Amino acid sequence: MKRLLLESLQFLHEVMSDQSLQKIYRQIRKQDPRYELGAYVMMQQALDFTLRRRQKEDPASEHRHIDGPTLCLGVRDYMLAQYGPMAADLLRHWGIRSTSDFGEIVFHLADFGVFSVTSEDKPADFHEVFDFDSTFRKPYLPREHTVDSTY
């Protein structure tokens, strides 16, 4: 019975947290409607993914700050792992067209206290970290084959 109660309380906490975040996402969108709600959810998931990966690579590290370029690469890896060839279309649907958009989303989340940034962090840190087309589209395009004319 205790275990069931504990699990119920944990579930309730998660639901309430999700409801609070949804409210924040809607407030952000009222101020800047460029990005869909999914963009903010994805950014949180990608940050968690990046932090877990860092912890796996360096278990002794207690450093939790992720700089802009590192987060961009984490978002890239997360999106490719989760969505593969659909990543480009999802990002576009959410209003994300470049790594600069990642920075805009991060700073929106920081303005509302969801993320934290340091005084050294700048939106420019996210500018042109990688090219979307060559990262999300080209790997999934059919390759050109040369025809052997000796047949």
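The values are calculated or read from the model by the stated rules, or taken from the named source; none is laboratory data. Please read all numbers here as calculations on a predicted model, not as lab measurements. Methodologically, a virtual Cβ is constructed for each residue, glycine included, from the backbone with ideal geometry; neighbour enumeration extends over all protein chains shown.
Miscellaneous remarks
- Restricting region 32-63 to residues that are without any contact (Cβ under 8 Å) to a residue 24 or more places away in the chain and more than 20 Å from VAL117 (Cα to Cα), the residue that is surrounded by the most Cβ atoms within 10 Å (Cβ to Cβ) is LEU37.
- ILE105 vs. criteria assigned to a loop (DSSP other than H, G, I, E, B), under 12 Å from the mean Cα position of the chain (by Cα) and in contact (Cβ under 8 Å) with a residue 12 or more places away in the chain: no
- Among (1) out of contact with any His (no Cβ under 8 Å at 6 or more places or on another chain); (2) farther than 15 Å from THR135 by Cβ; (3) loosely packed, with under 13 Cβ neighbours inside 10 Å - the single one THR118 does not satisfy: (1)
- Single unsatisfied condition, ILE96 versus (1) in a loop (DSSP other than H, G, I, E, B); (2) surrounded by 14 or more Cβ atoms within 10 Å (Cβ to Cβ); (3) more than 11 Å from the chain's Cα centre (by Cα); (4) of a type in the set (A, V, I, L, M, F, W, C): (3)
- Scanning region 111-151 for residues that are among the small types (Gly, Ala, Ser) and modelled with pLDDT under 95 gives GLY113, SER116, SER119, SER134, SER149.
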